[in-house]
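Notes follow the structure.
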Amino acid sequence: MRGMRLGSAKWAVLCVLVVSGCAQENPKPAPIPAPAQAPVQKAVSASKETAGEGTDLGSSFDNLDVADASLNGKVTVLRVGSEVGQNNLLTVFAGLKNMTAQRLALEAQTIYKDKTGNALNAGSWIAVTLKPHEEREYRSASISEDAVDFLIRIRRTPTVK
């Protein structure tokens with residue numbers, strides 16, 4: 001058989017044909033949609049009128065006080081809420097997240113208030129331990145139907161010296 005002899009110009013044309021036949025324009029990737037934003041929730045003071053709705057609208061992050069500055073950056077408050085139960089007692093909650101890789105020994109205190117803002121209780125400190133990176137919900141219920149507002153306080157567990 002006879003070998004095919006092509007000049008350099010013919011080889012160049014042949015290469016161009018092969019490459020142009022194989023080459024296709026890369027399709028542009030579809031744009032990535034922006035993540036959906038959670039609706040902004042209007043924070044209002046807790047009251048029997050708003051707390052009875054059974055939603056987080058009966059609360060505000062103003063209803064939570066981190067009383068220990070050493071917890072800044074270590075604990076994040078995810079949510080604060082309240083609702084009036086079937087027994088007409090105010091129930092409150094706070095979602096907390098440990099942002100560290102260590103166990104956090106905390107205490108939480110809830111002070112319930114009447115419609116004029118007067119404290120109805122002295123508020124005892126309840127132990128709350130968060131494992132590393134754990135999310136936990138603190139809950140408390142009032143013992144008086146007069147409770148229409150509240151303040152949840154969070155602090156580190158005091159160390160005994």
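Scanning the range 135-146 finds one or more residues that are of a type in the set (S, T, N, Q) and part of a strand (DSSP E or B).
Take the conditions surrounded by 12 or more Cβ atoms within 10 Å (Cβ to Cβ) and within 15 Å of residue 96 (Cβ to Cβ) and apply them to residue 128. Does it pass? So residue 128 passes the test.
Every number here is computed from the coordinates shown, using simple stated rules; none is lab data. Predicted, not measured: the structure shown is a model, and the values here were computed from it. In this analysis, Cβ positions are derived from the backbone assuming ideal geometry, glycine residues included, and neighbour counts consider all displayed protein chains.
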